[in-house]
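Read through the structure below, which is laid out as structure tokens, and then see the notes.
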Amino acid sequence: MTMSDLFPGILAPMPDAAASAILIWPSADPVAPPRFVDGFAPFVAFARDAGADPAVLAADLFALWDFVAAHPDLLASAETADAAARFLGNAIAVVHPAATWRMTSEPEVGTSTMSIPVAGLLRTIVEHPEHREPFREMLASWPQTDRDDQELAALAHDDIDDVDFVVAPVPFARPALSLPEFVDDDGHVIDYGSRWSGGSPPDDAYSRTSHLERFAPVLTVVDALVDHLESWYVVDVDRGIDAQGARVFHLRPTTGAAITITATAESVGIEAGALFHDIAPGCTCDACDESALTVADHVEETLLSIAAGGLREVFPVGQRRWLHTRIRTQDGGGRSSGGEPGPSVPPETLEAATEILAGLPEGWWPAWSLRAPRN
């Protein structure tokens, strides 16, 4: 590796796919991804022959954009095009110092929130130079996006030890489920939930769905969960059927987060608190291989945790006004998620959520109140 005379740092070879992989063997020392890569000399020669100063192009990303847009012939040579893509990625790393190189299907430069395929960007500059200003606006928003992501990540990694769980004296007993069998095209029984044990799913499984009716037994679990919560907590429950035939349950506790459940033979939707929204299964494609049992586990964990006081909502997070949610289980487990609220959420709902959540301690909803013991 050598120090660059055009970019402010050391030049490294382009990382290969293995170096960019997330998985690192326990015995390996993690290697920081490079900020700048070498191999751009043919483009430097091309720029000089065209009367441009490579140092100016390296320091001014949009002077580089204009130069590339004015010289589409640089794509005629694969060597020059590859060198130009490397130079372009390095120039992006100058503008956004947190950006580093990685290899996916093609070289990219970016952070955890945004990654730019440089060869694709190079073609875009040549074919669509009018994208210059939208690209400038995207770059301008990138630092704030990173900061918001770091704030969300900090929330996701909070060590929470003082959640006051309130649980029913008698644990929930899931009813036995009658799971129908389904067969594939060869007549073999499909073992949903462990279909791909010992291997990876075929590529076409990611775009294929089959036998969504396999989730219908979860309706029995939903009914039992609602009955359990109604028996042990102070909560009003309204049961109904919507226009599409889905079962709808509105659970309104005297304390804590209200819950609305929308259940069909194919999925269970859960809305709770101010903005929390969840759906199980999260994905119905054959590759994800969800089963009625995994969906029942998810729904059970979610509903029991919310009632017990294990729901956290933080909004707005950062300048981009993202939402952080966490489900905390009694054993210290759980899950969290973060991102922009759904585009269908009305502005007045977001305003109301801001006010409600500001009144909760660090966004934690209180547990539901238990019913008085029966004589």
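The values are calculated or read from the model by the stated rules, or taken from the named source; none is laboratory data. Small disclaimer: the values here were computed from a predicted structure and weren't measured. So basically every Cβ, Gly included, is an ideal-geometry build from the backbone, and we count neighbours across all protein chains shown. SASA here: full protein model, heavy atoms, side chains in, ligands and nucleic acids out. Shrake-Rupley method; radii C 1.70, N 1.55, O 1.52, S 1.80 Å.
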* Asked: Name the pairs: first residue in the stretch 79-92 and buried (at least 24 other Cβ atoms within 10 Å of the Cβ), second residue of a type in the set (Ser, Thr, Tyr), Cβ to Cβ under 7 Å, at least 6 apart or on different chains?
  -> none
* To do: Answer yes or no as to whether Thr354 is of a type in the set (Ser, Thr, Tyr), modelled with pLDDT under 95 and closer than 22 Å to Ala156 by Cα.
  => no
* Asked: What about Pro316, is it at negative phi and part of a loop (DSSP other than H, G, I, E, B)?
  -> no
* To do: Go through Thr349, Thr325 for me and flag whichever is on the phi < 0 side of the Ramachandran plot and either in a helix (DSSP H, G or I) or free of Cβ contacts under 8 Å to residues at least 12 places away in the same chain (or both).
  => Thr349
* **Those residues of the stretch 1-45 which are surrounded by 11 or more Cβ atoms within 10 Å (Cβ to Cβ), modelled with pLDDT under 70 and not in a loop (DSSP other than H, G, I, E, B), in sequence order** => Ala19, Ser20
* Every residue from the stretch 203-246 that is under 28 Å from the mean Cα position of the chain (by Cα) and without any contact (Cβ under 8 Å) to a residue 12 or more places away in the chain -> Asp203, Asp204
* Being buried (at least 18 other Cβ atoms within 10 Å of the Cβ), touching a Pro at 6+ places or on another chain (Cβ under 7 Å) and among the β-branched types (Val, Ile, Thr), is that true of even one residue in the stretch 58-72? -> no
* Got at least one residue in the stretch 155-176 being part of a helix (DSSP H, G or I) and surrounded by 12 or more Cβ atoms within 10 Å (Cβ to Cβ)? -> yes
* Mind counting the residues in the stretch 108-120 that are within 22 Å of the chain's Cα centre (by Cα) and within 20 Å of Trp65 (Cβ to Cβ)? => 7
* Within the stretch 247-271, considering residues that are open to solvent by less than 30 Å² (accessible area, probe 1.4 Å) and touching a residue at least 40 places away in the same chain (Cβ under 8 Å), the one farthest from the chain's Cα centre (by Cα) -> Pro253
* To do: Kindly establish whether Leu139 is of a type outside the set (Val, Ile, Thr), farther than 30 Å from Ser369 by Cβ, in a helix (DSSP H, G or I) and at pLDDT below 85.
  => no
* Structure fact -> Note on the stretch 177-222: residues exposed (fewer than 12 other Cβ atoms within 10 Å of the Cβ), touching a strand residue (DSSP E or B) at 6+ places or on another chain (Cβ under 8 Å) and part of a loop (DSSP other than H, G, I, E, B) are Glu181
* Asked: Regarding Gln319, is this residue loosely packed, with under 14 Cβ neighbours inside 10 Å and either of a type in the set (Val, Ile, Thr) or in contact (Cβ under 8 Å) with a residue 60 or more places away in the chain (or both)?
  -> yes
* Asked: In the stretch 60-83, what residues are part of a helix (DSSP H, G or I) and either in contact with a Gly (Cβ under 9 Å, 6 or more places away or on another chain) or farther than 17 Å from Arg132 by Cα (or both)?
  -> Asp73, Leu74, Leu75, Ala76, Ala78, Glu79, Thr80, Ala81, Asp82, Ala83
* Structure fact -> Reported set for the stretch 97-110 where residues are at pLDDT 95 or above and either surrounded by fewer than 16 Cβ atoms within 10 Å (Cβ to Cβ) or not in a strand (DSSP E or B) (or both) is Ala99
* Within the stretch 253-297, how many residues are outside any loop (DSSP other than H, G, I, E, B) and of a type in the set (D, E, K, R)? -> 3
* Within the stretch 286-315, can you find the residues that are open to solvent by 10 Å² or more (accessible area, probe 1.4 Å), closer than 30 Å to Asp203 by Cα and not charged (D, E, K, R)? -> Ala287, Cys288, Ser291, Leu293, Thr294, His298
